[in-house]
Amino acid sequence: MSGTRRATSHRRSAAVPQPRQGEPPAGRGAEEPGPRSRGHRRRAKTKRRGGKLTVGAAMLLAAAAGWFAIGPGRDFPASIAAGAPDRPEPDSSSPHADDPAAAPAAGRTEAPAADRSSRNDGSLAAIAGLGPSWTARIPAETTQLVLVSGQGKDSSDSTVTVWTRTADGRWKPAQSWPAHNALKGWTVKHAEGDLRSPIGMFSLSDAGGRKPNPGGKLPYSEDDKFVMGGTGFNGEQLAGSFDYVVAIDYNRVTGRSPLDTAKPEGKAKGGGIWLHLDHGGPTHGCISLAEDHMVELIKALDPAAHPMIAMGDADSLAV
């Protein structure tokens, strides 16, 4: 034994009262064995060892339980292996797994991303009202597009907007203007005299009119033959309707005056589809604008921008 244990035994012996002569020692019966042998102390020591083994066995049983819960061939979570407190393991698939501070607070979701389709300069990622199939048809070199959007398939009312493509491929609109189209609306298969405007995307190459060029860059043909008489569908006067025109390249030869009557795809498909001055009512197939808007359009169109026109009812243009 160590010196400390001997001293402890000595103090305990001193604390026990001494028996009188002829009486058994206090706290011991006649059958109580005598002083403990060394072998008894070894058994007691073995019992103390047995207590430590019991704790170890509990740990082994806990580990075995974890093994059955996790399954063979897998690692124990770090918290079990290191004896750390029970807490969820980080999800390695989460974008915040390596940066807990970046994770959103509990009970709160991230705000939706801001709409970046528009900018402070007014440009948009795509032309409003023009669907992807139409957008794909815009030539790469085109940086000007005139959009004529009809109110309905059978309506003669529409809106004209000039769009300009920016250097980074976005689109910026100018002011929108009210306009008229054909009496019976729109068609994908325009025919001579059907009183419908053709749906499609066409180039804009030539301009002209009875009045002199107001300052446009397109080839311009000034001619007294740009005349129109009679009355329209609403009884309105048609005089002056062709003072300014821009030819829409539908079934015509580009590079010629809008007055040219050649129809390379045949007369049955119609022709002579122009942008011209509005006379206050529906047209036979053309698009008509107020005179000040028509002058503004002619000044804006630039052959270097390869201008195009997309025209049709709003539902047809949205696909």
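The values are calculated or read from the model by the stated rules, or taken from the named source; none is laboratory data. These figures come from a predicted structure and were not determined experimentally. We place every Cβ from the backbone using ideal geometry, glycine too, and count neighbours over all the protein chains shown. These accessible areas exclude ligands, DNA and RNA; they are computed on the full protein's heavy atoms, side chains included. Shrake-Rupley method; radii C 1.70, N 1.55, O 1.52, S 1.80 Å.
Here is how the numbers come out for the structure above:
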read-out	value
Where Rh is the Kirkwood radius over Cα pairs, Rg/Rh for the range 121-169	1.00
Reciprocal of mean inverse Cα separation for the range 129-208 (Kirkwood radius, Å)	14.0
Magnitude of the charge dipole, the range 161-299, Cβ model with Lys/Arg +1 and Asp/Glu -1, debye to 20	460
Global form of the range 161-231, assessed from the alpha-carbon gyration tensor, a/c cut-off 1.5	oblate
Cα pair distances in the range 233-319, grouped into 5 Å bins until the bin that holds the longest one, percent each	3, 12, 20, 22, 22, 15, 5, 1, 0
With eigenvalues of the C-alpha gyration tensor scaled by 5 and rooted, the range 191-288, Å	19, 19, 11
Largest-first ordering by accessible area, 1.4 Å probe, given options Leu195, Leu238	Leu195, Leu238
